[in-house]
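Take a look at the structure set out below.
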Amino acid sequence: MTQLLGAVTRNFLLALPIAMVVIADTDAAEPRVLIEGAQLELAGREPEIVTPVGMTFDLAGRLLVIESHTHQRSQDYQGPKSDRIRMLSDSNGDGKLDKWSTFAEGFQQSMNIITAGPGMFYLVTRRSVDLLIDADGDGVMDSSESILKLETEENFPHNALGGIALDGKGGMYVGLGENFGVAYKLVGADGSAYSDHGGVGTIFHCTTDGKRLRRFCNGFWNPFSICTLPNGEVFTVDNDPDSSPPCRLIHAVASGDYGHRWEYSRAGIHPLQAWNGELPGTLPMLAGTGEAPCAVLPHRGFLWVTSWGDHRLERYRLTPRGATYQAEQAIAVQGDSDFRPTGCAVAPDGSLYFADWVDHSYPVHGKGRIWRLSFDSDAADAGEVESPTRQADDWRKSVNSADAFERQRIVRGYVQEFRTWPGFLPTSSAERLAQAQAARWHKLWIGMGNEIAILPELLQAPDADTRLYAVRWIADERIQSLRDDVAQLLDGVIPDARYYLQVLSALEWLDGEPKHRRSTLNDGLFVRELKNSSRSPEQHALALRMVSPDNKFLTVDRLKNYLLSDHRPLRLEAVRTLGLQTNPDRFALLADVARDDAQSDQVRAQAISSLAATQEYGDLLNSLTTDESSTIAEEARRVQRLRGLIPTVDEVKPDTSDLTAWNRLLGESGDAEAGRRLFFSAKGARCAVCHQYEGRGGKIGPDLSRIHLSNSRTQIIASILQPSREMAPHYQPWKLQTDAGRTLLALRLHKAGDEGKEIYADSDGNQIRLRGDEIEVREASETSIMPSGLEKTVSIDQLRDLVEFLSTGGS
């Protein structure tokens, strides 16, 4: 059940006494309860209930569970021809749920169910929201009617209509997934309709009888479950694309854009897609969740989330943070590979029931379980969740706030009061962006009826964020008439790599076929840019940064030619690319560059740093330690120390627990370029094994290109010295023990559909593929896979340089 029906209904349900019949499970390891004051019991299993998904309690205290028989049904499947809604009730009034019956059947691709009132339920299938009615209360459906209908040619079972929640004010929210980008039309009971395509997951709002349908917010992959708090705040869980973990727990707000568009690629890392508020005008997630979240609901002051892919039930404590929340995750129940939580509901006695798909197989398979999590009287209860703090009604202060959700509050107001904006002429980039967002959402502009008319003006805005917002708008709607206007941006100032990538990817999209991309931008696009002689050296430098270092176009001779350029940034990108190649012939050219007095100190130092990956050129390094340039001499000595050619610096260093002392040591400015070299070095810190920075590096840990925008210098210092001190839930590693006796500490790498296999990465970036049934014990680890002890391998000065690099954006 996505949510209960307001305070009156909740109080009524909590007053009903319900007990449980405990059923022994002999086939699978018992899931483990990991929070204090809670116990887990098995409430039911096959053959009475199979492949269960959404569930809800009715006002009589009976549990209704969707039993799926049509989800990727195979030809030899022996179950019923249609989905059923099974009911678990108390047969003799003794307070025990002990009797299974069928409430209704005949449905296809059913997803979720919630209680609408006495004897009334909303059932969400892929193509409709239906009101089911049990008029006489006998536990059998008497009639039904569709109040929302989805018209589309697509038929995949779980990427269309899914989430549903009541707003407590006579309305409800309904979620629609990416639908593989196929065109659709959602039609309400009064004929109100919304049409779209392109795979933009959306939450809609309508009345409880299916009227006055409108878009509430969008930019999702698949908002499969939705819930609301008593204060009216809306939350959803969103499944993730292939290459953009984690799945998202989202605070959904009116007119919010959460950044995803399936059409740009399933991978989810296209420059015109955002997953955590990376693009102008998009909002970040509240927290990362386990893979494949199927339900979110409030209970005991927490949000509870079921994770099908990570085999667990999660609990989130919400604390107001500005106009939104911060979420603290705890794993409440952890199971093995045969524990696949789906739907969830709160029982009248305050216990929590959740469904278990059991098997990794997407097609229906005849297995299923229902679990009950009960709580002691003194178990943690966070109480009523407080509302976020909003600023006073000073629109200018709010729209210029650093809080994205505070800014969005003003955008929402712009949309609602579009023709009476205060202070129409913007005086800041934030005001221009907010007005552009409202114009796009409302699809008109003051005094104009055609939103396209304002786009050329937005493309000429003095700030990059407004221009990029216009670029994404033009690409999303494929406004071909403005293609050349977008192209002209490449003739102007390119402020950073993000800007370049988004403009270039928009042009690639506008020039190509209007169909789904199977991957993000490929090397061919950047190679074409490198071959384009009309591009500036600055743009060639950016394109070179984006090409895979071992691309066959980037021969040693071609990189040598770039190193002859008069443009220093191009030379620097060339030597960085050379250092990241695996071709052994690169070392001879790197050595030549290291010797070349005609090159800048930064280019030479980068070449020296790359020599850490070979055991040759010891004599060259030794000679460079006496170079008259301190940059060259120090880099040569650093590489010597990393290769063990000279002793490490003997320094007295504080314990890593003494962050105050470390903040004093590392608080002074360092050399950002030297820090960049250390970040990418093949020996020493080796940060780039797991982390990307401006297009280069690994993809195991978070991309650190913009870490300076959300973390202070002291926070960055703490994360380096104490990597396990504060880990985002989606980067929490697992401690695994296999049936062969192997023990591993690794990070789960999520892929679309696990097919019974799980992929992990260790601290060296090595990928490990295991069958789910090979793993005997899995525990969320409090120890990060980011190695501790970095301060022992590098000097204080080098650490200061690394901190300078990360805390200043490399500048």
Qualifying residues in the range 54-80 (those that are β-branched (Val, Ile, Thr) and closer than 16 Å to Pro157 by Cβ) - the one most open to solvent (accessible area, probe 1.4 Å): Thr70
Across the range 775-811, what is the total count of residues that are open to solvent by 20 Å² or more (accessible area, probe 1.4 Å), out of contact with any helix residue (DSSP H, G or I) (no Cβ under 8 Å at 6 or more places or on another chain) and of a type in the set (Lys, Arg)? 1
From the residues in the range 459-484 that are under 21 Å from Trp441 (Cα atoms) and more than 26 Å from the chain's Cα centre (by Cα), which one is most open to solvent (accessible area, probe 1.4 Å)? Gln460
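With Arg686, Arg576 as the choices, which residue is at pLDDT 90 or above, under 23 Å from Asp764 (Cβ atoms) and open to solvent by 20 Å² or more (accessible area, probe 1.4 Å)? Outline the logic, then answer.
Details: Arg686 fails: at pLDDT 90 or above.
Step by step, each of Arg686, Arg576 is checked, and only Arg576 is at pLDDT 90 or above, under 23 Å from Asp764 (Cβ atoms) and open to solvent by 20 Å² or more (accessible area, probe 1.4 Å).
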Out of Glu278, Glu233, sole residue that is open to solvent by 10 Å² or more (accessible area, probe 1.4 Å), acidic (Asp, Glu) and touching a Lys or Arg at 6+ places or on another chain (Cβ under 8 Å): Glu278
Of everything in the range 341-387, what is charged (D, E, K, R), at pLDDT 95 or above and under 22 Å from Ser68 (Cα atoms)? Give them in sequence order. Asp356, Lys367, Arg369, Arg372
Test result for Arg604, closer than 25 Å to Val689 by Cα, modelled with pLDDT under 95 and buried (at least 21 other Cβ atoms within 10 Å of the Cβ): no
Sort out which residues of the range 689-711 are within 17 Å of Pro245 (Cα to Cα) and open to solvent by 50 Å² or more (accessible area, probe 1.4 Å), and write them in order of number. Lys699, Asp703
Set Leu131, Leu150: member being hydrophobic (A, V, I, L, M, F, W, C) and within 30 Å of Ser91 (Cα to Cα): Leu131
Hey, among Ser609, Ser669, which residue is over 20 Å from Leu542 (Cα atoms), touching a Phe, Trp or Tyr at 6+ places or on another chain (Cβ under 9 Å) and among the polar types (S, T, N, Q)? Ser609
Could you check, for the range 342-356, whether at least one of its residues is more than 22 Å from Gly383 (Cβ to Cβ) and open to solvent by 10 Å² or more (accessible area, probe 1.4 Å)? no
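Does any residue of the range 2-11 turn out to be modelled with pLDDT under 90, more than 30 Å from Ser781 (Cα to Cα), open to solvent by less than 50 Å² (accessible area, probe 1.4 Å) and aliphatic (A, V, I, L, M)? Can you show your working first?
To start, the set of residues in the range 2-11 that are modelled with pLDDT under 90 comprises 2-11.
Those left that are additionally more than 30 Å from Ser781 (Cα to Cα): 3-11.
Subsequent filtering for residues that are open to solvent by less than 50 Å² (accessible area, probe 1.4 Å) retains 3-6, 9.
Right, trim to aliphatic (A, V, I, L, M) and you get 4-5.
Within the range 2-11 (the criterion being modelled with pLDDT under 90, more than 30 Å from Ser781 (Cα to Cα), open to solvent by less than 50 Å² (accessible area, probe 1.4 Å) and aliphatic (A, V, I, L, M)), the answer is yes, since at least one residue qualifies.
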Answer from Val174, Val124, Val187 - the residue that is β-branched (Val, Ile, Thr) and open to solvent by 20 Å² or more (accessible area, probe 1.4 Å): Val187
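Please find, among Leu559, Leu564, the residue that is without any contact (Cβ under 8 Å) to a residue 40 or more places away in the chain, aliphatic (A, V, I, L, M), open to solvent by 40 Å² or more (accessible area, probe 1.4 Å) and over 30 Å from Gly199 (Cβ atoms). Full working, then the answer.
On the way: Leu559 fails: open to solvent by 40 Å² or more (accessible area, probe 1.4 Å).
Within the list Leu559, Leu564, the selection yields Leu564.
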Collect the residues in the range 468-495 that are without any contact (Cβ under 8 Å) to a residue 24 or more places away in the chain and within 13 Å of Ser429 (Cβ to Cβ), keeping them in residue-number order. none
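Any residue at all in the range 306-315 that is within 30 Å of Gln437 (Cβ to Cβ), in a loop (DSSP other than H, G, I, E, B) and not aromatic (Phe, Trp, Tyr)? Break it down stepwise before answering.
From the range 306-315, those within 30 Å of Gln437 (Cβ to Cβ) are none; that's our starting set.
Taking every residue of the range 306-315 in turn, none turns out to be within 30 Å of Gln437 (Cβ to Cβ), in a loop (DSSP other than H, G, I, E, B) and not aromatic (Phe, Trp, Tyr).
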Can Phe216 be described as crowded, with 23+ Cβ neighbours inside 10 Å and in contact (Cβ under 8 Å) with a residue 24 or more places away in the chain? no
Among the residues of the range 485-510, what is the count of those that are more than 10 Å from Ala475 (Cα to Cα), open to solvent by 40 Å² or more (accessible area, probe 1.4 Å) and assigned to a helix (DSSP H, G or I)? 4
Would you mind telling me which numbered condition in (1) at pLDDT 95 or above; (2) of a type in the set (A, V, I, L, M, F, W, C); (3) in a loop (DSSP other than H, G, I, E, B) Ile250 fails? (3)
Does the range 576-585 contain at least one residue that is in a loop (DSSP other than H, G, I, E, B) and under 33 Å from the mean Cα position of the chain (by Cα)? yes
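Has the range 254-268 got at least one residue that is under 27 Å from Ser146 (Cα atoms) and surrounded by fewer than 24 Cβ atoms within 10 Å (Cβ to Cβ)?
Keep residues of the range 254-268 that are under 27 Å from Ser146 (Cα atoms), which gives 254-255.
Now drop any that are not surrounded by fewer than 24 Cβ atoms within 10 Å (Cβ to Cβ), which leaves 254-255.
The answer is yes, given that some residue of the range 254-268 is under 27 Å from Ser146 (Cα atoms) and surrounded by fewer than 24 Cβ atoms within 10 Å (Cβ to Cβ).
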Residue by residue through the range 614-651, note down the ones that are open to solvent by less than 30 Å² (accessible area, probe 1.4 Å), part of a helix (DSSP H, G or I) and basic (Lys, Arg). Arg638
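The values are calculated or read from the model by the stated rules, or taken from the named source; none is laboratory data. Because the structure is a prediction, the values reported are computed rather than measured. We place every Cβ from the backbone using ideal geometry, glycine too, and count neighbours over all the protein chains shown. All accessible areas refer to the heavy atoms of the entire protein, side chains included, with ligands and DNA or RNA removed. Shrake-Rupley method; radii C 1.70, N 1.55, O 1.52, S 1.80 Å.
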